[in-house]
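The values are calculated or read from the model by the stated rules, or taken from the named source; none is laboratory data. Quantities reported herein were computed from a predicted structural model and do not represent experimental measurements. Cβ placement follows ideal geometry from the backbone for every residue including glycine, while neighbour counts extend to all protein chains displayed. Heavy atoms of the whole protein, side chains included, go into the accessibility calculation; ligands, DNA and RNA do not. Shrake-Rupley method; radii C 1.70, N 1.55, O 1.52, S 1.80 Å.
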Amino acid sequence: MENILIEKQDNLAIVTINRPTKLNALNKATIEELHNAFNDLNNDSSTKVIILTGSGEKAFVAGADISEFAHFSVSEGEQLAAKGQELLFDFVQNLPTPVIAAVNGFALGGGLELAMSCHFRIASTNAKMGLPEVTLGVIPGYGGTQRLAQLIGKGRAMELIMTANMIDAETAKSYGLVNHVVPQEELLDLAKSIATRISNNSSVAIAKAIESINANYEDGVNGFQTEIKNFGASFGTEDFKEGTTAFLEKRKAIFTGK
Ligand code: COA
């Protein structure tokens, strides 16, 4: 991997986008490497939670790599968005393993779109977020028009996308775009402590919860029906037997994720 770093710590994996001289801008190679990393970590049963962050102190990701698409045609532009959404943004959103975005600086354009694809976000006080695509004569193409409106409401999304304004971390928190804001030096520790709490719970139940929550945002899918199906399926897992037995025996459950 040339553009990302992967570090395993017990049940957690930290994926760091590592192009600091380009403010971690997402080029094609980085998108492919991220896809492969998320796929491999999801298939590795020892990884319970993934934390995604950017290298350096300045940026999470400052957007899609503008130098790569500046000369694209209409069909190349459409292909760029379609491929990126399939390989990375939709892929992360639907990953059964939880992914937390630790937004450590600028999250602009594709960077904010990537953070929004993660299951939830925390940010450092210096973080700045926005979708500035219209300043380039283009629109967000990695799901930003959809996910920003889902997360902060249609009116706020309209204003942010039309003005291309950046918001700071506290404003993002007040909008519900990020869950917590801490000084930069505490960001990874907070991400790890949340991840550790998640990793103590049943990973098979968490995967079903992710699928059920996401179902609300999918066309033609009834989220309540998905929840009923996944709730029922939980009763057939070893983790359900262990969780309920441990509760009744007044001990801590030891989950296998099966
Ligand atoms: N694509 C490609 N390169 C990018 C980039 C992007 N989205 N964002 C930053 N970079 C590169 C810059 O070109 C520069 O490279 P260079 O040193 O080879 O010239 C390097 O990263 C540092 O960026 P710079 O602009 O010098 O830093 P800054 O502190 O002055 O400004 C930003 C920071 C984030 C405000 C500014 O980089 C920016 O506006 N980036 C583009 C944001 C954007 O429009 N994203 C949406 C893309 S769809």
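With a cut-off of 12 Å between beta carbons, the residues surrounding VAL99 carry a summed charge of +2, where Lys and Arg count +1 and Asp and Glu -1. Here the mean projected area of the convex hull built on the C-alpha positions of the chain is 14.4 nm². Expressed per residue, the C-alpha convex hull volume of the stretch 81-151 stands at 83 Å³.
For the chain, adding -39500 (n - 2.57) for each run of n ≥ 4 DSSP H residues and dividing by the number of residues yields -14000 deg cm²/dmol at 222 nm.
With the simple spin-label model, which puts each label point 7 Å out from Cα in the Cβ direction, the ASN39 to ILE254 separation comes to 3.5 nm. Between ILE6 and ASN94, the modelled label-to-label distance comes to 2.1 nm, taking each label 7 Å out from Cα in the direction of the beta carbon. Measuring nothing but protein heavy atoms, the accessible surface of the chain at 1.4 Å probe radius is 54 percent carbon and sulfur.
Under the definition of Cα pairs under 8 Å and six or more residues apart, what whole-number percent is the relative contact order of the chain?
Working: 473 pairs, mean separation 41.5, N = 258.
Dividing the mean separation by the residue count of the chain yields 16 percent.
Per residue, the accessible area of the chain comes to 51 Å² when a 1.4 Å probe rolls over the protein heavy atoms. Its residue count N fixes a reference of 2.2 N^0.38 Å for the stretch 165-258, and the Cα radius of gyration divided by that reference is 1.42. Counting Lys and Arg as +1 and Asp and Glu as -1 over every other residue whose Cβ lies under 14 Å from the Cβ of GLY243, the net charge comes to +2. What whole-number distance in Å separates the alpha-carbon centres of the stretch 99-123 and the stretch 172-246? Going from one Cα centre to the other spans 17 Å. Summing charges over all other residues whose Cβ lies under 11 Å from the Cβ of VAL15, with Lys and Arg as +1 and Asp and Glu as -1, gives -2.
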